[in-house]
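To start, the structure under review is shown below, and the notes come after it.
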Amino acid sequence: MDSELIAAVRRFNRMVTQRVGALDDEYMARGRPLAQARLLWEIGPDGAEVAALRARLGLDSGYLSRLLRALEGDGLVTVGPADQFSGDGRIRAAALTDTGRAEWAELDKRSDAFAWSLLEPLTGHRRERLVTAMAEVERLLVASMVTIDPCPPGDPRARACVRAYGREIARKFDEGFDPALSNPLHDEELVPPAGVFLLATLNAEPVGCGAVKLHRDAPAEIKRVWVADTVRGLGIGRRMLAELERYAAERGWTAVRLDTNRSLTEAIAMYRSAGYREIEPYNTERYADHWFEKHLVT
């Protein structure tokens, strides 16, 4: 752990929390702390399911319930079944009251004014520098919030990622993509000890996946590496690849290999930059044009 890097992050955190008013008891002079104001903003004029709010804000159920009760007590929100949307009475949703919508609009106006207060003292060039730096910090923070963990391949989130992967390659492949014509990949091949399926999530939402098959007497095989457009360019694909390699290496495999299509130029570039070398075909995959292998450091 680099102590200078840690100190720099802590210093930045202290400065930002003070500058944005996170320490104030009455955020933007509206009589409530930042946490309540942020929750009111996230509920918004259209309302939101409580579970979605919990995932989006990274709050535990108890704390979220206390915040909602405080907003209810102020007459700003109502919380009740969302069955009119889902047909499931167990799903609860929060909605703004008329008073809550007026407060939301006032908060929106004051937020614009506060944002301008950050920019107004700066010259035009420095304003652009600040906004550009903020955008870069935002991207890097989002990248740091993505988690990658094992997930059963039959999990609905895993299924959703695999479907998105299939739709994407169907658009990109010159000849389209028909799963029935591809070499089969069964769920039981992607659960320990045969292999693993990894899921990348951001605020509990799936944003990427990857899998590795641990072949007997052969290199491990990486499959279905996919990253959603929303987090592309943040290094998630490279992280996923590294996690799959690590999983295989920790279980004794000394090499991994994969196949890919010529249309996936960005993926091919990533594999090459990650140390993969092109090899002769090792399978009869209909949609494969390139085959790669990498020796692992154990």
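The values are calculated or read from the model by the stated rules, or taken from the named source; none is laboratory data. Keep in mind that what you see is a predicted model, and the values were worked out from it rather than measured. Positions of Cβ are generated from backbone atoms using ideal geometry, with glycine treated the same way; all protein chains shown enter the neighbour counts. Please note that ligands, DNA and RNA were not included when accessible areas were found on the heavy atoms of the full protein model with its side chains. Shrake-Rupley method; radii C 1.70, N 1.55, O 1.52, S 1.80 Å.
The table below lists the values:
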item	result
Taking the chain and dividing mean pair separation by its residue count, relative contact order in percent (alpha carbons under 8 Å, at least six apart)	11 percent
Accessible surface, the chain, averaged per residue in Å² (probe 1.4 Å)	59 Å²
Largest-first ordering by accessible area, 1.4 Å probe, given options I6, I91, I236	I6, I91, I236
Rounded to whole Å, sorted largest first: equivalent-ellipsoid semi-axes of the chain, Cα gyration tensor	44, 25, 18
Around T17: net Lys/Arg minus Asp/Glu count, Cβ-Cβ under 15 Å	+3
Free-standing Cys residues across the chain, given no other cysteine C-beta under 4.7 angstrom	C151
Largest to smallest accessible area among T260, T123 [probe 1.4 Å]	T123, T260
Ordering of 219-231, 271-283 by packing [mean C-beta count within 10 Å, highest first]	219-231, 271-283
Estimated Rh, the stretch 45-148: Kirkwood, alpha-carbon pairs, angstrom	16.6 Å
Highest to lowest packing among 134-145, 284-295, scored as the average C-beta count within 10 Å	284-295, 134-145
Local electrostatic count, H215, Cβ distance below 11 Å [Lys/Arg +1, Asp/Glu -1]	0
For L71, net neighbour charge (Lys/Arg +1, Asp/Glu -1) across residues whose Cβ lies under 13 Å away	+2
Tilt relative to the chain, helix 156-172 - C-alpha long axis, 0 to 90 degrees, to 10	70 degrees
Gyration tensor (alpha-carbon) shape descriptor, the stretch 157-231, a/c threshold 1.5	oblate
Relative contact order, percent, the stretch 69-212 [alpha-carbon distance under 8 Å, six or more residues apart]	17 percent
Alpha-carbon Rg/Rh ratio, for the stretch 96-252, with Rh computed the Kirkwood way	1.16
